[in-house]
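S.K.: Let me begin by handing over the structure; questions about it come next.
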Amino acid sequence: MSTQQVSSKEKIQELWAKRPIIVSGPCSAETEEQVLATAQQLAATGKVDMLRAGIWKPRTKPGMFEGIGAKGLPWLQKAKQITGLPTAIEVATAKQVQDALTFDVDVLWIGARTTVNPFSVQEIADALRCRCTGIGKNPINPDLELWAGGVERIARAGIKNLGLIHRGFSSYGNTQYRNAPMWHLAIEMKLKYPELPIFNDPSHICGKRDNLLEVSQKAIDLDYDGLMIESHIDPDNAWSDAKQQVTPARLKEMMEAIIWRKEDVDNKDYHQALEKLRQQINHLDDEMLQILSQRMKIADQIGQYKKDNNITILQPGRWQEIIEKTAARGEKLGLSRDFLNKYLDAVHLESINHQKQVLDA
């Protein structure tokens, strides 16, 4: 193993213990000049820890720009030598892994389109075999088992430095974001794997640069460990995803505008005050459970009545009426309609299950 390889591994090891970790660079490597200029400008901001660039770009339709390919890898290697920034790229095949490692790429991530295929993830994991840091992006569809399965396949390959990237999920009818964040899914993964750093990718969530700062701030408020944001020296003329990239100067402004919050503070008064509030929440949670239990007992009685009178369980008109009335009242109490819809759906499903058990008894 070369001195350079040892040095790179030690640097990644140190970086993996740092918070927050900021990863930035162009969506696609286009020319050597573009890669080097972007890398140097990002390094000059003093805000970036790692340089990313797209070498191979899986695209939705044929004929779209699918990346410059392996010839861009020497450009990244040179950028690392000039700036000292570790490098990161996306890989989708074992051959791409081998090519990346040949040019000393430090971090490889598995993209959203690849994570959905366990065979592809396993192929990449087998090619990695302890030789590189690996990160798994969430699959393009909202499936936590696929995401978790991908991470575990990489871990079994002996990769020590693992990570997660939350880049949002494809959802029908979504208009606000390019990929709906579905924060609750990412939070569930963070709780499932608390030892792994989780990065937020606001570029792919937003699809446009206008609300990158807003999404980045929310990720930091939720205690994410880092951000991956696409940056280009001339975003409007980028060869791919022009609307979601920012200049290195704008990236620096964003990093300075974010409020970087602490996970915890070493303050006795703070902990005592927080503990009192948490106890209040615990009491309220207990009360809500009691109320929900009583509600389901009434659902059992309704189920018995329907059974005795041969009435179907589902009553769409009645349920729609409940949704509208509850949402209207809840919004006045400061509860979002999105939360109320999810809550009511869960309660309704549990109520149906109770009634079904009565009918089947």
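S.K.: Just tell me which aspartates and glutamates come within less than 20 Å, Cα to Cα, of K160; anything on the same chain fewer than 8 places away is out.
M.R.: Candidates past the 8-residue exclusion: E10, E14, D49, E90, D104, D106, E123, D126, E152, E195, D225.
S.K.: Note down the net charge around G134, summing +1 for each Lys or Arg and -1 for each Asp or Glu among other residues with Cβ under 10 Å from its Cβ. Could the numbers behind the result be given before it?
M.R.: Values: positive: R131, R153, K160; negative: none.
Summing Lys/Arg as +1 and Asp/Glu as -1 gives +3.
S.K.: Which ³J(HN,Hα) values in Hz, rounded to whole numbers, follow from the phi angles of segment 301-318 under the Karplus curve 6.51 cos²θ - 1.76 cosθ + 1.60, where θ = phi - 60° and Gly and Pro get x?
M.R.: For segment 301-318, the Karplus-derived couplings read 5, 5, x, 5, 4, 5, 5, 5, 10, 6, 10, 5, 5, 7, 10, x, x, 4 Hz, x marking Gly and Pro.
S.K.: I would also like to ask the following. Return K297, K57 ranked ascending by Cβ neighbour count within 10 Å, so the fewest neighbours appear first.
M.R.: Values: K297 10, K57 20.
By the 10 Å Cβ count, ascending, the order reads K297, K57.
S.K.: Can I ask one more? Counting Lys and Arg as +1 and Asp and Glu as -1, each charge on the Cβ, what is the dipole of segment 3-257 about the Cα centre in debye, to the nearest 20?
M.R.: On the way: 30 positive and 30 negative charges, 61 e Å.
Using Cβ point charges on Lys, Arg, Asp and Glu, segment 3-257 gives about 300 debye.
S.K.: Which of I12, I154 comes first, and how do the rest follow, when ranked by fewest Cβ neighbours within 10 Å? Before the final figure, lay out each step's value.
M.R.: On the way: I12 18, I154 24.
With the fewest neighbours first, I12, I154 line up as I12, I154.
S.K.: Give the Kirkwood hydrodynamic radius (Å, one decimal) of segment 234-361, defined as one over the mean of 1/r across all pairs of different Cα atoms. Show your work: numbers first, answer last.
M.R.: Details: mean 1/r = 0.0499 Å⁻¹.
About 20.0 Å for segment 234-361.
S.K.: Going through the cross-link list K9/K47; K57/K190; K192/K252, which pairs have a Cα-Cα distance over 24 Å in this structure?
M.R.: On the way: K9/K47 21 Å; K57/K190 27 Å; K192/K252 32 Å.
In this structure, K57/K190; K192/K252 lie more than 24 Å apart at Cα.
S.K.: Take every Cα pair under 8 Å in the chain that's 6+ residues apart, average their separations, divide by the length, and report that relative contact order as a whole percent.
M.R.: Working: 550 pairs, mean separation 47.0, N = 361.
Worked out over the chain, it gives 13 percent.
S.K.: Kindly work out what percent of the DSSP beta bridges joining two residues of the chain are antiparallel, to the nearest 5.
M.R.: On the way: 1 of 28 bridges.
Of those bridges, close to 5 percent are antiparallel.
S.K.: Quick one: Cα centre-to-centre distance for segment 309-345 and segment 39-82, in angstrom?
M.R.: 49 Å
S.K.: Quick one: which residues, 5+ away or cross-chain, put their amide H under 5 Å from the amide H of I165? H built at 1.01 Å from N.
M.R.: So I165 has HN proximity to G136, K137, N138, F199.
S.K.: With springs connecting C-alpha atoms under 10 Å apart, model the chain as a Gaussian network and identify which of D241, D300, D106 has the largest mean-square fluctuation.
M.R.: Among D241, D300, D106, the largest GNM mean-square fluctuation belongs to D300.
S.K.: Now for a separate question. What does the extension gain come out to for W260 and L277, with contour length at 0.36 nm per residue minus their alpha carbon separation? Provide the component values of the computation, followed by the final result.
M.R.: Details: separation 17, 0.36 × 17 = 6.12 nm, distance 2.33 nm.
Taking 0.36 nm per residue and subtracting the Cα distance, the gain is 3.8 nm.
S.K.: How large is the dipole of segment 18-141 about the Cα centre if only Lys and Arg carry +1 and Asp and Glu carry -1, each at its Cβ, rounded to the nearest 20 debye?
M.R.: 280 debye
S.K.: Amide H to amide H under 5 Å from I21: which residues, 5+ apart in sequence or cross-chain, H placed 1.01 Å off N in plane?
M.R.: Counting only residues 5 or more places away or on other chains, the set is G226, L227.
S.K.: Would you please classify the overall shape of segment 171-261 from the alpha carbon gyration tensor, given that a ≥ b ≥ c denote the square roots of the eigenvalues, rounded means a/c under 1.5, and beyond that prolate means a/b larger than b/c while oblate covers the rest? Could the numbers behind the result be given before it?
M.R.: Details: a/c = 2.12, a/b = 1.36, b/c = 1.55.
Oblate.
S.K.: Also: Report the FRET efficiency, 1/(1 + (r/R0)^6), for E66 and R329, where r is their Cβ-Cβ distance and R0 is 51 Å, rounded to 0.05.
M.R.: On the way: r = 52 Å, r/R0 = 1.01.
Between E66 and R329 the formula returns 0.50.
S.K.: I've got another one for you. Looking at the chain as a GNM with Cα springs under 10 Å, which of L333, L284, L36 has the largest mean-square fluctuation?
M.R.: In the Gaussian network model the winner is L333.
S.K.: Something else about it: How big is the shadow of the Cα convex hull of segment 293-361, averaged over all directions, in nm²?
M.R.: Working: hull surface 19.2 nm².
Mean orientational projected area (segment 293-361, Cα hull): 4.8 nm².
S.K.: Let me ask you something else. Let me know the Rg and Dmax you get for the chain when you use only its Cα atoms, in Å.
M.R.: Over the chain's Cα set, Rg and Dmax evaluate to 24.4, 81 Å.
S.K.: What spacing in nm lies between the two simple spin-label points modelled at A361 and K18, each 7 Å away from Cα in the Cβ direction?
M.R.: Output for this residue pair reads 6.2 nm.
S.K.: For F119, F199, which order do you get if you count the other beta carbons within 10 Å of each Cβ and list the fewest first? Spell out each step's value before the answer.
M.R.: Numbers: F119 7, F199 24.
Ordered by Cβ neighbours within 10 Å, fewest first: F119, F199.
S.K.: So what's the back-of-envelope 222 nm ellipticity for the chain, counting only DSSP H runs of four-plus at -39500 (n - 2.57) apiece and dividing by all residues, rounded to 500?
M.R.: Result for the chain, helices only: -17000 deg cm²/dmol.
S.K.: Using a basic spin-label model with each label point 7 Å from the Cα along Cα→Cβ, how many nm lie between D308 and R131?
M.R.: 7.3 nm
S.K.: What does the extension gain come out to for R59 and V347, with contour length at 0.36 nm per residue minus their alpha carbon separation? Walk me through the intermediate numbers first.
M.R.: Values: separation 288, 0.36 × 288 = 103.68 nm, distance 4.00 nm.
Net length gain for the segment: 99.7 nm.
Every number here is computed from the coordinates shown, using simple stated rules; none is lab data. Computed from a predicted structure; not experimentally measured. With ideal geometry, Cβ positions are generated from the backbone for all residues, glycine too; neighbour counts draw on all protein chains shown.
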